[in-house]
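First comes the structure, then the notes that go with it.
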Amino acid sequence: MTTTDWLTWTACASLAAWLWLLLGQGGFWRTDVRLPRRTEPADWPPVAVVVPARDEAAVLPDSLPSLLAQDYPGEARVYLIDDGSTDGTGGLAARLSARHGGLPLTVSSPGEPEPGWTGKLWAVRRGIALAREQTDAEYLLLTDADIAHGPHSLRELVGAARSGGYDLVSQMARLRVVTGWERLIVPAFVYFFSQLYPFRWVNRPGRRTAAAAGGCVLLRADAAERSRIPESIRHAVIDDVSLARAVKRDGGRIWLGLAEQVDSVRPYPRLAELWRMVSRSAYAQLLHSPLLLAGTVVGLAVIYVAPPATFLYGALAGHAAPLLAGGLAWALMTASFLPMLRYYGRSPWDALALPFTAVLYLLMTVDSAVQHYRGRGAAWKGRTYA
């Protein structure tokens, strides 16, 4: 088989893959999955907001006041669980509460995690335990310390959960896209996530697909008890997906979509921070399987790298078949990325960089596997999990 034949077949395989993705992967490329229609309940149920925090003093002034200022008609209380911070996170949270007022705040520390627990879930465990001791909360809002909420965020989450009869309502926070690396990598991060877990499939009761976005998860308290959250997922590195799977597996109704009032304020000024964010859990996503890793590398290469490569080869060498097949595959890939770029307010021209971004994600995934076999997998803020 000649080089031209091989590249032609590769271009055709990529084109077939893109046709399948666009037509058969749950409309993953669409960005219109927002909070479902909701009506305000006659009585607003009590809510406990649990915020696990470890060394978050840099972002807390931009996030915690937004939680304390929630315009919620019912009873709500915030529990910030200081997970062994060394930068004064707990004290800063107390000062911010005294300065801004609003919802009552409790700051607590759970101590070091017991064996078999990740730090975040250990902190969530402490927050839920306090909420059960001190309130009769019907819902638990699990939200990260770097997440800022619009003033009506909690109200709309509870309204959607009550109206739709959902046990779990999660919104993918709008991540920051200020620096060049953020603009290159962040929209693609959400795009790839929705490709793995199409929101429409997640939201369909009859499908096994389950996922949540850990920055913003509203969970019914009785669903948490039924699914033994967080004990049943205490070891999970990808805790949000594991949580959603546990709830859906036990018969709960879940919903996941893109946020309009929930934003991450965490900056990623350099590639290194974004690299760590992705690589710490990428190999865990592949179940630490070398076979799945190899398949992922080949798949990313065929789906994202082959279209521009075969198109350019066909254009330069004057061969129509790879030119046409690769060009059409590239066009479909580019078009599928445009809705996500619009959601993030980015230029459509940024879509042309998607193949390069995919190569970066490929390298991050390989690095995640390398770090795992070196015994440094899933390292985050001074902790490394097996």
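Residue check: VAL217 meets all listed conditions (1) aliphatic (A, V, I, L, M); (2) under 26 Å from GLU138 (Cα atoms); (3) in a helix (DSSP H, G or I) but one, namely (3). One residue alone among TYR344, TYR361 is in contact (Cβ under 8 Å) with a residue 40 or more places away in the chain, more than 24 Å from VAL237 (Cα to Cα) and touching a helix residue (DSSP H, G or I) at 6+ places or on another chain (Cβ under 8 Å), and that residue is TYR344. Segment 138-212 holds helices (runs of 4 or more DSSP H) entirely within its bounds, and those carrying 1 or more residues that are surrounded by fewer than 21 Cβ atoms within 10 Å (Cβ to Cβ) and without any contact (Cβ under 8 Å) to a residue 24 or more places away in the chain map to 180-196. Residues of segment 107-134 that are surrounded by 19 or more Cβ atoms within 10 Å (Cβ to Cβ) and over 16 Å from HIS235 (Cα atoms): PRO110, GLY127, ILE128, ALA131.
Table: residues versus (1) more than 25 Å from PRO61 (Cα to Cα); (2) in a helix (DSSP H, G or I).
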position	(1), (2)
GLU225	yes, yes
VAL237	yes, no
ASP240	no, yes
GLY252	yes, no
GLY257	yes, no
VAL262	no, no
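Only one of LEU323, LEU274, LEU300 is closer than 26 Å to ALA13 by Cα, surrounded by 15 or more Cβ atoms within 10 Å (Cβ to Cβ) and under 21 Å from the mean Cα position of the chain (by Cα); which?
After applying the criteria, what remains is LEU300.
Only one residue in LEU103, LEU67 is within 21 Å of the chain's Cα centre (by Cα), in the same structural domain as SER153 (by TED's automatic domain parsing) and either within 18 Å of ILE128 (Cβ to Cβ) or part of a helix (DSSP H, G or I) (or both). Which one? One residue alone meets the criteria, LEU67.
The values are calculated or read from the model by the stated rules, or taken from the named source; none is laboratory data. Everything quoted here is computed from the prediction, not taken from an experiment. Note: ideal-geometry Cβ built from the backbone for every residue, glycine included; neighbour counts use all protein chains shown.
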